[in-house]
1. Expressed in nm to one decimal, what extension gain is obtained for the pair L488 and D50 from 0.36 nm per residue of sequence separation less their Cα-Cα distance?
2. Please list log₁₀ I(q)/I(0) at q = 0.19, 0.25 Å⁻¹ for the range 11-73, using the Debye equation with identical point scatterers on the alpha-carbon positions.
3. Within 10 Å, count the other beta carbons around each residue, average over each peptide in 383-390, 487-494, 289-296, 111-118, and list them highest first.
4. Over all directions, the average projected area of the alpha-carbon convex hull for the range 187-244 comes to how many nm²?
5. Report the paramagnetic label zone for I192: residues of the range 17-43 whose backbone N is under 20 Å from a point 7 Å from Cα along the Cα-to-Cβ axis.
6. Within the chain, what whole-number % of the accessible surface is contributed by carbon and sulfur, with the 1.4 Å probe and all protein chains included in the calculation?
7. Using the alpha-carbon centroid of each, what span in Å lies between the range 130-147 and the range 326-371?
8. Which angle from 0 to 90°, rounded to the nearest 10, does the C-alpha axis of helix 224-234 make with the longest principal axis of the chain?
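The values are calculated or read from the model by the stated rules, or taken from the named source; none is laboratory data. Just so we're clear, the structure is a prediction, and the values are computed from it rather than from any experiment. Backbone-built Cβ (ideal geometry, glycine too); neighbour counts: all protein chains shown. The area values use the complete protein model at the heavy-atom level, side chains included, leaving out ligands, DNA and RNA. Shrake-Rupley method; radii C 1.70, N 1.55, O 1.52, S 1.80 Å.
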Amino acid sequence: MLGKKSIKINGADCGLEALILGFLTAMGGFLFGYDTGQISGMLLFDDFVDRFGTETDADGNTEFKPILKSTLVSLMSIGTLIGALSGAYTADWWGRRKSLSFGVVMFIVGNIVQITAMNHWLHMTFGRFIAGLGIGNLSVGVPMFQSECSPKEIRGAVVASYQLMITIGILISNIINFGVRNIQTSSASWRIVVGLGIAFSLPLGIGVLFVPESPRWLAGRDNWEGARLSMARLRGLKNDPHNKLVEDDISEMYAAIKKEERHGVGSWVECFTGRPSHIPKLVYRTFLGMAIHFLQQWTGVNYFFYYGATIFDSSGIDDPLRVQLILGAVNVFMTFYGLWVVERYGRRWPLFLGAIWQAVWLAIFASVGTAMDPENNRTAGIIMIVSACMFIASFAGTWGPMAWVVIGETFPLRTRAKQASLATACNWLGNFMISFLTPLATDGISYNFGYVFVATNAAAAIFIWFFLYESRGLSLENVDVMYGQSHLKPWTSSKWTPPGYTTRKIRDENYQAEVAGEGVPAENKDSNGRPPSSDAAPYEKKSSDSLNPHGSHDEKLSRNV
């Protein structure tokens with residue numbers, strides 16, 4: 001039976017269901033990556049260009065106008081931006097699981113529209129827009145769901161797996177593009193690529209309905225028994241829901257949620273004003289998440305993944321799809337490294353050093369492309385490929401996974417869905433700007449466009465140093481406590497230890513006992529002084545109708561867990 005036994009991972013007790021949940025939800029990242037990678041190769045397929053291109057070159061061959069190429073690629077990002085904002089509502093209304101299934105349905109509908117496109121670029125573009133709505137919804141829901149369900153000891157690696165699956169999705173799409181290039185004169189080439197995306201989405205859309213719901217979402221709706229059972233299943237303690245490990249997790253969550261509930265439900269306006277809750281650094285964290293995700297896109301990574309094949313084709317590389325395949329492989333390999341880095345070295349230092357490293361290699365890429373003629377200089381082409389690989393290696397190990405980790409763990413529960421939506425929307429805004437501007441910029445200033453990314457990476461390094469707090473090893477509740485320390489500076493935050501802990505990993509058992517005794521009202525404790533059990537009184541004294549207006553407590557539990 002799932003959830004029966006606990007597995008030790010990095011010192012954390014995890015259930016099999018937690019591992020399944022992490023894998024299934026990470027498929028949302030795979031869909032994002034697959035859709036990102038597929039368009040780069042499709043833009044070179046003969047049948048795709050002949051059907052949707054609108055210009056004819058001097059030799060009579062059909063081609064894309066730069067503005068048309070920009071629109072075709074970038075309108076998906078407008079869809080993802082809208083989908084990201086809507087994700088805040090669906091995740092709160094329906095729960096994290098059903099929201100993810102909804103995102104998959106939108107993605108499938110968009111892909112069906114693309115497959116049925118015949119001869120007009122607007123048909124294809126509209127399909128990409130609809131698929132983008134689904135991808136945007138998933139890009140909010142997946143990191144949030146993962147962060148709320150993962151033990152703090154492995155939360156960074158689990159949320160970073162979203163980026164790992166993005167890179168695997170890009171690589172798989174590159175491999176498929178490479179495999180179907182021999183039939184690129186047929187519509188089957190690009191239709192196969194798009195259609196496979198539907199098959200890849202089904203495990204997430206269906207499978208996520210069979211894993212535990214987020215315990216924090218359940219607790220936020222006063223379904224504490226559902227939250228306890230969900231937490232026990234995720235810890236591998238389904239048959240022991242009153243295990244001390246589960247009790248400690250529930251106690252921390254209870255104290256944080258009840259403190260936030262005194263002020264009601266957070267609004268969009270509150271994300272930018274901090275009122276009426278006055279949660280410490282709430283507005284600060286809103287802009288922190290938005291800036292990091294905007295800067296993630298402006299590192300320049302999708303300059304290569306959206307248009308890499310086109311860029312290397314124009315530089316005289318004999319087989320640009322093979323180069324794109326190499327870049328995709330580097331991306332995947334180094335993201336595995338990033339999963340280790342995020343738990344070993346935290347968030348601040350890898351992001352800071354990664355931005356500097358990326359700026360250096362982008363400067364080399366732009367300088368060589370500008371100073372030499374890569375189309376007629378083999379050495380220049382090789383240097384540019386190496387520079388692109390070194391840039392992507394850094395991004396995959398730092399900014400790629402860690403930006404998602406940051407939005408998964410930085411925001412308080414009260415406004416988490418809305419702040420995550422805003423941050424992710426900024427990611428897609430940056431994505432749209434890159435995908436729309438790149439064809440126009442390269443047509444006008446060629447490889448000098450790389451210097452823009454040099455500047456944005458330098459700005460990203462400065463921003464991380466002065467504004468991001470180190471959250472490695474902290475529970476989501478203690479991340480809130482850390483941001484409430486008025487005299488703590490970001491560059492010294494890694495030394496901060498939460499109250500009740502001797503280190504970030506080791507609890508002070510005596511302190512935890514005192515907190516558990518003081519944090520829950522006396523009338524709501526069991527005989528052992530713990531938060532209530534499944535057959536105890538509810539956390540707050542309420543009428544039965546107030547506690548469960550839709551039926552019995554058991555019925556509510558069966559629906560939500």
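1. Result: 151.7 nm gained on full extension.
2. -0.77, -1.03
3. 289-296, 383-390, 111-118, 487-494
4. 5.6
5. 34-43
6. 63
7. Taking the Cα centre of each part, the range 130-147 and the range 326-371 sit 24 Å apart.
8. With rounding to tens, the tilt is 60 degrees.
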